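Working notes for the structure below.
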């Protein structure tokens, strides 16, 4: 099974040096979604804005998927 690396960017870059195996890009897409939601949940605290980006690379370093998550909470006025 091919190995993919999920690099996270949130004002600081966190390159994935271990990666994980996935049978196809559909599985990679599902993992990227799940990971971004999990990271966001642990990063929010009392913040009103959060922006995360994830670049997924294959074993030769080619980017095969990019995902982003943006959350903004604003007072209604």
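Brief remarks follow.
- Within segment 45-77, being more than 15 Å from residue 5 (Cβ to Cβ) and surrounded by 13 or more Cβ atoms within 10 Å (Cβ to Cβ) holds for 50, 51, 52, 69, 71.
- Among the residues making up segment 1-44, a single one is free of Cβ contacts under 8 Å to residues at least 24 places away in the same chain, assigned to a helix (DSSP H, G or I) and surrounded by 14 or more Cβ atoms within 10 Å (Cβ to Cβ): 27.
- Per-region count, segment 59-68, residues touching a helix residue (DSSP H, G or I) at 6+ places or on another chain (Cβ under 9 Å) and in contact (Cβ under 8 Å) with a residue 40 or more places away in the chain: 2
- The condition of being modelled with pLDDT of 95 or more and touching a strand residue (DSSP E or B) at 6+ places or on another chain (Cβ under 9 Å) holds for residue 54.
- All positions within segment 10-34 that are modelled with pLDDT under 95 and touching a strand residue (DSSP E or B) at 6+ places or on another chain (Cβ under 7 Å): 10, 13, 14
The values are calculated or read from the model by the stated rules, or taken from the named source; none is laboratory data. Note that the coordinates shown come from a computational prediction; the quantities given were computed from them, not determined experimentally. Glycine also receives a Cβ, built like all others from the backbone with ideal geometry; neighbour counts cover every protein chain displayed.
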